[in-house]
Amino acid sequence: SLTDVFSMEELKSFLDGVEDVLGHTPLYSVEPKIDGLSVSLTYRDGIFVQGATRGDGLVGEDVTENLRTIKSIPLKLKEPIPYLCVRGEVYMPRSVFDELNQKREMNGEALFANPRNAAAGSLRQLDSKICSERKLDIFIFNIQEGSLYMDGSEPVSHSAGLDRLEELEFTTVNNRIVAKGYEEIKSHNLGKGILYSFPFFL
């Protein structure tokens, strides 16, 4: 379920609903959420072969060449995994955004409204050189269903999948925690003004 909540009280209500459906209290992976442009990266035999935006959920835009310009995306994995598809969030660091808008203002060009719009516009550039100049970055937050390890197995949990991504030298979100239930999540004193996601695993 994708549900937005805006207070700890609303979070508790949502988690109570999850646990009512499951019949028990699962572990949650609590992660800061990056507000950028969602993309998928596909690897075959350890080589990056395609990158696409989410699009309409079924068909996205092919932005492979522009994604190749993002230095934190490994073009070749440490292991020749037969098939791996990961999802991540492309974003523009605030310092890069401020610098870009300063240049646009000096040139009499329209300013970008926010870093997310700037990242989305940059990733959709037809000229990958322009995209490269925009200094985009990415956090990988999920291994997609159907991806396999070298032994043919699949990730056993979301959190284990993130650990595996780090082993493969993908950049994942910092400061993620694993917690069981609302009270344990609350005890970590999540930062105010920060968006979080709460994937859970049985």
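Computed from the C-beta positions of Leu75 and Glu99 and an R0 of 30 Å, the FRET efficiency is 0.70 to the nearest 0.05.
What net charge do the residues around Thr69 carry, taking every other residue with its C-beta under 10 Å from that of Thr69, with Lys and Arg at +1 and Asp and Glu at -1?
Details: positive: Arg68, Lys71, Lys129, Arg134, Lys135; negative: Glu65, Glu133.
Neighbour charge sum, excluding Thr69 itself: +3.
In this label model, Arg68 and Glu166 are separated by 3.1 nm, measuring between points 7 Å along each Cα→Cβ vector.
In a reduced charge model with +1 at each Lys and Arg Cβ and -1 at each Asp and Glu Cβ, the chain shows a dipole moment near 600 debye about its Cα centre.
GluC sites (Glu not before Pro), restricted to segment 54-105: which are DSSP loop and have at most 15 other Cβ atoms within 10 Å?
Details: sites: Glu61, Glu65, Glu89, Glu99, Glu105; in loops: Glu61.
Taking segment 54-105 and a limit of 15 other Cβ atoms within 10 Å, the loop GluC sites (Glu not before Pro) found are Glu61.
Scan the chain and report its longest stretch carrying no trypsin sites (Lys or Arg not before Pro) that are both in a DSSP loop and have at most 13 other Cβ atoms within 10 Å. Present the calculation step by step, with values, prior to reporting the outcome.
Numbers: sites that count: Lys71, Lys78, Arg124, Lys192.
Free of exposed loop sites, the longest segment is 1-70.
Note on surface exposure: Met8, Met106 rank Met106, Met8 by accessible area, highest first, 1.4 Å probe.
Against the criterion of solvent-accessible heavy-atom surface with a 1.4 angstrom probe, Ser38, Ser132 sort, most first, into Ser132, Ser38.
Charged neighbours of Ser95, selected by a Cβ distance under 14 Å, balance to +1 (K, R count +1; D, E count -1).
Summing charges over all other residues whose Cβ lies under 15 Å from the Cβ of Arg134, with Lys and Arg as +1 and Asp and Glu as -1, gives +2.
Working from Cα positions, state the angle (0 to 90°, nearest 10) between the long axis of helix 94-106 and the longest principal axis of the chain. Tilt relative to the chain: about 30 degrees. At an R0 of 25 angstrom, the distance between the Cβ atoms of Glu184 and Ser153 translates into a FRET efficiency of 0.30.
For segment 126-186, applying the loop criterion from DSSP together with a ceiling of 12 other beta carbons within 10 Å to the GluC sites (Glu not before Pro) yields Glu145, Glu169. Can you grab the distance from the C-alpha centre of segment 99-132 to the C-alpha centre of segment 150-191, Å, no decimals? Here the two parts' Cα centres lie 32 Å apart. Among the listed values (1) 43, 42, 35; (2) 57, 42, 28; (3) 84, 44, 34, the one matching Cα extents along the principal axes in Å as calculated from this structure is (2).
Full-extension gain between Ser13 and Asp35, please, as 0.36 nm times their residue separation minus the C-alpha to C-alpha distance. Spell out each step's value before the answer.
Working: separation 22, 0.36 × 22 = 7.92 nm, distance 2.42 nm.
Contour length minus the Cα-Cα distance gives 5.5 nm.
The values are calculated or read from the model by the stated rules, or taken from the named source; none is laboratory data. Quantities reported herein were computed from a predicted structural model and do not represent experimental measurements. Note: ideal-geometry Cβ built from the backbone for every residue, glycine included; neighbour counts use all protein chains shown. Ligands, DNA and RNA are stripped out before the accessible areas are found, and what is left, the full protein with its side chains, is counted by its heavy atoms. Shrake-Rupley method; radii C 1.70, N 1.55, O 1.52, S 1.80 Å.
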